[in-house]
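A short write-up of the structure that comes next.
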Amino acid sequence: MIPAGSSFYSEEELAGLGLKSFGHAVKISRKASLYNTGRIEIGSHVRIDDFCVLSGCSDGYLKIGWFVHIAAHCFIEASAGVEFMDFSAIAAGGVIYGGTDDYSGEHLTNPNVPWDMREFAWKPVLLKKHALAGASVTILPGVTMGECSCAGAGSLVVRDIPDGEMHVGIPAKYLKKRSFRMLELERRYREGLADGTYPCGFCRDLGAGAGDRT
Ligand SMILES: CC(C)(COP(=O)(O)OP(=O)(O)OC[C@H]1O[C@@H](n2cnc3c(N)ncnc32)[C@H](O)[C@@H]1OP(=O)(O)O)[C@@H](O)C(=O)NCCC(=O)NCCS
C-alpha cells in the first residue's frame, strides 16, 4: 500500500496511467515520464525512480518483470521492444535503445524529417533474469544480456553478453565470470514470500512460485 502524499503514484493513480498491465507493490515515481503506456506491462515488486523516461513507442513493447529496478535518470526507448526479466535492473543514468537511425551518412536522421529519408533499424533488447546494467550503461538495439550477466558502470553494450559474464568498457568486453549464487537466493526469497518470512499479502497467495515467469 503506497501512503498518501508519497512521491510514488498510488494504486488508483497507477490504474489511471493506461498501462497494459501492472502487478502489486509497483512504485513509479510521479517524476518519471511514461509514454505509449498501453504498450507497457509491469510485474510486481517493481520500482521506477525519478526522472526516468520510458516509452513503449507506437509499435514496440516494454515488458518489465517482477523485482525489477529502473533507477533515476534512465531512458528506455522500446521502439522494437525491450524486456526486463525478473530481478534484472539498470542503475542510474542507463540508456536502452530498441531502435536507431542509420549513422552511415546515407540518410537523414532524427524525428523531424520524413520517414522515407530515414533508415531506421528496429531490434529488440532483452535483459534476462538477474541481468544488471551499472550506472550510465548504454545498451544498443538487438542486445541480449544473459541470465546473471552484468555490464560495469559506463559501459557501451553493443553485443550480447553471455549468461554469468561480467563485461566492461567501450565497447563492453569480457572481464570475468559472475557468481550464480543469486539464483539460490532468488529461490529462498520466493519461498520466504510464500511462507511469510518476507511479508507480502499478495505473494503469499501465489505460493513458492511467486512471480516466476520463466
Ligand atoms: C565492473 C565492476 C563490477 C568490476 O568491479 P571489480 O570486480 O571490483 O573489478 P576491479 O575494480 O578489480 O577491476 C578489474 C579491471 O576492470 C577494470 N574495470 C572495472 N570496472 C570497469 C568499468 N566499469 N569500465 C571499464 N573498466 C573497468 C579495472 O580498471 C580493472 O582493470 P585492470 O585490471 O586493467 O586494472 C565495477 O567496476 C563496476 O563497474 N560496478 C558497477 C557499479 C555501479 O554502477 N553501481 C550502481 C549502483 S547498483
Any residue that is over 24 Å from PHE51 (Cα atoms) and surrounded by fewer than 19 Cβ atoms within 10 Å (Cβ to Cβ) - is there at least one of those in the range 123-142?
yes
Hey, ALA92 crowded, with 19+ Cβ neighbours inside 10 Å, closer than 26 Å to SER6 by Cβ, modelled with pLDDT of 95 or more and within 16 Å of the ligand (Cβ to nearest atom) or not
no
Residues of the range 67-103 that turn out to be over 30 Å from ALA25 (Cα atoms) and touching a residue at least 12 places away in the same chain (Cβ under 8 Å), as a count
4
Can you confirm whether HIS167 is in contact with a helix residue (DSSP H, G or I) (Cβ under 7 Å, 6 or more places away or on another chain) and within 16 Å of the ligand (Cβ to nearest atom)?
no
Please tell me if MET145 is surrounded by 15 or more Cβ atoms within 10 Å (Cβ to Cβ) and under 23 Å from TYR61 (Cβ atoms).
yes
Residues located in the range 20-53, provided they are charged (D, E, K, R), surrounded by fewer than 16 Cβ atoms within 10 Å (Cβ to Cβ) and within 21 Å of SER79 (Cβ to Cβ)
LYS20
Might you check whether a residue that is within 12 Å of the ligand (Cβ to nearest atom), free of Cβ contacts under 8 Å to residues at least 24 places away in the same chain and of a type in the set (Gly, Ala, Ser) occurs anywhere in the range 135-152?
yes
TYR103 vs. criteria at pLDDT 95 or above and more than 16 Å from the ligand (Cβ to nearest atom)
yes
If you scan the range 95-115, which residues turn out to be surrounded by 12 or more Cβ atoms within 10 Å (Cβ to Cβ) and assigned to a loop (DSSP other than H, G, I, E, B)?
GLY98, ASP102, HIS107, LEU108, THR109, VAL113
Quick check on my filter: what residues within the range 116-146 are assigned to a strand (DSSP E or B) and farther than 20 Å from GLY169 by Cα?
PHE120, ALA121, TRP122
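The values are calculated or read from the model by the stated rules, or taken from the named source; none is laboratory data. Keep in mind that this is a model prediction, so the values were computed, not measured. Because the Cβ atoms are built from the backbone with ideal geometry, glycine has one as well, and the counts that use them run over all protein chains shown.
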